Amino acid sequence: MPDDDVTAQPARTSPADTSAPTDAAPAPGASDAPGTSLDGDRPLGVLIGYDGSEQAVQALHYAARAALRQDLPLTVVTAYTVPTMAYAEAALTPVVPAEVARLNAARELLDEAREHLRDYSGAVDLRAEWGDAAGVLVKLSAQAAVAVVGARGRGGFLGRLLGSVSAALPAHAHCPTVVVHRDYELGEGAHRFEPIEEDAPVTVGTDGSARAEAALDVAAQAALSRGTSLRVLMVIPSLEDWGGSYAAWLPDPDVVETHRSRAATGLERGLEQRRTERPELTITSEVLVGDPVRLLIAESTDAQLTVVGTRGHGRVTSTLLGSVSRGLLQHAEGPVMVVPSHAT
């Protein structure tokens, strides 16, 4: 099964088990600080959004393994808001103020997370943060090396499948974001958080654009950390996808293969420097013809981690969480990492 994520950016080691959640809502703007530079420390380490759902529990275990692998702190966050309430009579006003009740509910979720992390040996910070879940995680991602969420949540925190948070966070995070597949295996016993060693490669989708370089860099670092190989995949459309009227007048029936061969040559040429810089890393590449969503989903079955960028000029890392990114996040057979273009 696919295993935990890795990131390039280091982080300061947080105090062991600073588990008390935040007691009060942060002052306006308190979380607006951009954090450290992309080349500096990331004090939150591995940031995980937790709402108590089954998928959040899976993401929590994934994040814990990732933090141990990278020797990073683990920051578990649940977000809460206080709706505006109007009561017709004073007698209907609840004894416990709504903001206190919501905070207590958030603390209960963090107690659940703490219980799931029993026997975990790394540094843990449990936080209840006031605000919209997507906004909270996006802001905190500026201080994190990687952010992790489950594929689906209860609705209030992680939302629908690729709903408000699981779509907004990969699109807007300041660090790489991993969406954990809903069939991720948790493991058992005291050693369940230890990273799993396996030979499956890290796969990265690229379209050859400059923006795809960030995803390539992070994927290479992920493969090195796991002690495995890097598979670089480019997908070009088939003749049918070029449009019927266009295909009808093509003079060369082998034009797609010619295009594929040239793209493969260019891709290999672009990887030469990476092989020189990282001789210990085995890098393979392939250019496939067909539907990029379907092919990347198929490739994710045999990958420890599938990596894509947020933007590009082609169909693999196209628009900001466009059809390819969304399709992959929804249907991949393993964890998917989305890398922002500035994460080099």
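The values are calculated or read from the model by the stated rules, or taken from the named source; none is laboratory data. This one's a predicted model, so the numbers in the text were calculated from it and none came from an experiment. Quick reminder, even Gly has a Cβ in these numbers, built from the backbone with ideal geometry, and neighbours come from all protein chains shown. Note: areas computed on protein heavy atoms with side chains; ligands, DNA, RNA excluded. Shrake-Rupley method; radii C 1.70, N 1.55, O 1.52, S 1.80 Å.
Which value, in Å² rounded to 10, gives the accessible area of I48 with a 1.4 Å probe and all protein chains present?
Here the residue's solvent-accessible area equals roughly 0 Å².
Just how much of V256 is accessible, in Å², when a 1.4 Å probe is used and the result is rounded to the nearest 10?
My reading of the accessible area for V256 is about 20 Å².
I want to check the label-to-label distance for A264 and S285. Put each point 7 Å from Cα in the C-beta direction and report it in nm to one decimal.
For A264 paired with S285, the spin-label model returns 1.2 nm.
Keeping all protein chains in position, work out how much accessible area T282 exposes to a 1.4 Å probe, and write it in Å² to the nearest 10.
About 90 Å², ignoring ligands and nucleic acids.
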